[in-house]
Amino acid sequence: MAQWEPISDALYATEIHHCDLCGKMLVKRLWRVESEGKSLKFCDARCERTWFDYWLPRYGKP
Ligand SMILES: [Zn+2]
């Protein structure tokens with residue numbers, strides 16, 4: 001399951017979000033993915049695809 005999630009740009013919102021794949025700082029919105037009980041966030045669906053197609057099979061599992 002994946003969906004866009006808005007990020008509050010209010011001054012009191014101090015939490016900074018980074019893409020779980022490329023580490024880019026996320027502003028305005030993030031691509032939220034729920035997978036195997038974990039909550040991941042990405043720049044967009046492209047980073048999500050790279051995560052599942054490339055990163056996870058190579059580095060994500062022992
Ligand atoms: Zn990214």
Query raised in the report: Count the lysine pairs in the chain that are 8 or more places apart or on different chains: how many have C-alpha atoms under 19 angstrom apart?
Result: 4
Query raised in the report: In bins 10 Å wide, starting from 0, what share of all Cα pairs of the stretch 2-60 does each bin hold, as a percent?
Result: 23, 53, 19, 4
Query raised in the report: Dipole size in debye (nearest 20) for the chain around its Cα centre, Lys and Arg Cβ +1, Asp and Glu Cβ -1?
Result: 180 debye
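Every number here is computed from the coordinates shown, using simple stated rules; none is lab data. Since the model is a prediction, treat every value here as computed from it, not as a measurement. Quick reminder, even Gly has a Cβ in these numbers, built from the backbone with ideal geometry, and neighbours come from all protein chains shown.
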